[in-house]
Amino acid sequence: MELNISNSSLNITDDISSSIISTLEQKIKFYILVILQGPSFFCTLFMLRHFQWRHLQTQIYGFLLIVNALILGVELPITLYFLYEGSIYFENRCSAWITLNYSLFQLSIFLMTWISIQRYLFIYHEQFILRHMILLHYGPVIFLYLYCPLLYVGIVVLYKCKPIYDVKLYICGGPCYSLELGLGLFDWVGNGISMELTTLIVNVIVTIRHFIQRY
């Protein structure tokens, strides 16, 4: 009996300690992000205000800056609210938060990948990309700007799976489709890992070609 009481006391103590650590961690993240958000947001707006949109080779960076401004100005305040309060409070907010979060961050990843590909094309195939400017320059950006929000509205909001949200977790613990093999793998591998690998491979190719040409 004494052993059971002792074990229960230890479990309660561990739970309290974990709760304190979790709360402290959230507060630290909150204040770090609050300190950095303002300068980051205003620097991003300043760069957009003075961005040279006429330069075709650098336009893609402007599109990425727009996404970063949306992350800082729209998504990050929701994250800060969650970190400060420790909860989003209402489950009906979860799907919208996840959709916004996934759409913006995935769009940022896609644009980073396309920046690498387009840089390669401008360096080694400039005339080709200039001849197919709509297809290879504006087309992919328009597609990505539409694809990401439409995809996550479809698989987070409209897809018929039973969400199990926890309002005390970041993005409520995630969407229910991520627990399914097909859609989960498609998003993780197709939209995530493959983009990061493509970015890495293209940058390695550019570096190797530059090294070979120089030496």
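Please specify each residue of the range 155-167 satisfying the condition of being hydrophobic (A, V, I, L, M, F, W, C), out of contact with any Gly (no Cβ under 8 Å at 6 or more places or on another chain) and surrounded by fewer than 16 Cβ atoms within 10 Å (Cβ to Cβ).
Let us first name the residues in the range 155-167 that are hydrophobic (A, V, I, L, M, F, W, C), namely 155-158, 161, 164, 167.
Then drop every residue that is not out of contact with any Gly (no Cβ under 8 Å at 6 or more places or on another chain), which leaves 155-158, 161, 167.
Those that are hydrophobic (A, V, I, L, M, F, W, C), out of contact with any Gly (no Cβ under 8 Å at 6 or more places or on another chain) and surrounded by fewer than 16 Cβ atoms within 10 Å (Cβ to Cβ): Val157, Leu158, Cys161.
Are any residues in the range 46-57 in contact with a Leu (Cβ under 9 Å, 6 or more places away or on another chain) and part of a helix (DSSP H, G or I), and if so, which ones?
Within the range 46-57, the first condition is being in contact with a Leu (Cβ under 9 Å, 6 or more places away or on another chain), and the residues that meet it are 47-48, 51, 56.
Hits for the range 46-57 are Met47, Leu48, Leu56.
Taking the stated definitions as given, is Phe143 within 24 Å of the chain's Cα centre (by Cα), assigned to a helix (DSSP H, G or I) and without any contact (Cβ under 8 Å) to a residue 12 or more places away in the chain? It is true that Phe143 is within 24 Å of the chain's Cα centre (by Cα), assigned to a helix (DSSP H, G or I) and without any contact (Cβ under 8 Å) to a residue 12 or more places away in the chain. If the condition is being more than 24 Å from Arg49 (Cα to Cα), among the aromatic types (Phe, Trp, Tyr) and touching a residue at least 24 places away in the same chain (Cβ under 8 Å), then the range 63-108 contributes Phe82, Tyr84, Tyr89, Phe90, Trp97, Tyr102. Condition check: assigned to a helix (DSSP H, G or I), touching a residue at least 60 places away in the same chain (Cβ under 8 Å), hydrophobic (A, V, I, L, M, F, W, C) and under 22 Å from Ser194 (Cβ atoms). Does Ile60 satisfy that? Here the answer is yes, as Ile60 does meet what is asked.
Scanning the range 61-104 for residues that are under 23 Å from Trp188 (Cα atoms) and of a type in the set (Asp, Glu) turns up just one, Glu75.
Kindly check whether there is at least one residue in the range 108-121 that is closer than 30 Å to Lys168 by Cβ, within 17 Å of the chain's Cα centre (by Cα) and not small (Gly, Ala, Ser). Step through it out loud before you land on a result.
Restricting attention to the range 108-121, the residues satisfying the condition of being closer than 30 Å to Lys168 by Cβ are 108-109.
Now drop any that are not within 17 Å of the chain's Cα centre (by Cα), which leaves 108-109.
In the following step, the residues that additionally are not small (Gly, Ala, Ser) were identified as 109.
So far as the range 108-121 goes, yes, one or more of its residues are closer than 30 Å to Lys168 by Cβ, within 17 Å of the chain's Cα centre (by Cα) and not small (Gly, Ala, Ser).
Within the range 168-182, restricting attention to residues that are part of a helix (DSSP H, G or I) and in contact (Cβ under 8 Å) with a residue 24 or more places away in the chain, which residue is surrounded by the fewest Cβ atoms within 10 Å (Cβ to Cβ)? Taking the candidates together, the pick is Tyr170.
Scanning the range 27-46 turns up one or more residues that are surrounded by fewer than 14 Cβ atoms within 10 Å (Cβ to Cβ), at negative phi and small (Gly, Ala, Ser).
Name the residue, out of Val189, Val157, that is assigned to a helix (DSSP H, G or I) and in contact (Cβ under 8 Å) with a residue 60 or more places away in the chain. Quick ask: steps written out before the conclusion?
Working: Val189 fails: in contact (Cβ under 8 Å) with a residue 60 or more places away in the chain.
After ruling out the rest, the residue left standing is Val157.
Considering the conditions (1) of a type in the set (D, E, K, R); (2) free of Cβ contacts under 8 Å to residues at least 12 places away in the same chain; (3) within 30 Å of Leu151 (Cα to Cα), Glu25 is excluded by exactly one of them, (3).
None of the figures in this text is laboratory data; all of them are computed from the coordinates on show. Here the structure is a predicted model, which is why all the values come from computation and not from measurement. When we count neighbours, we look across all protein chains shown, and the Cβ atoms used for this are built from the backbone with ideal geometry, even at glycine.
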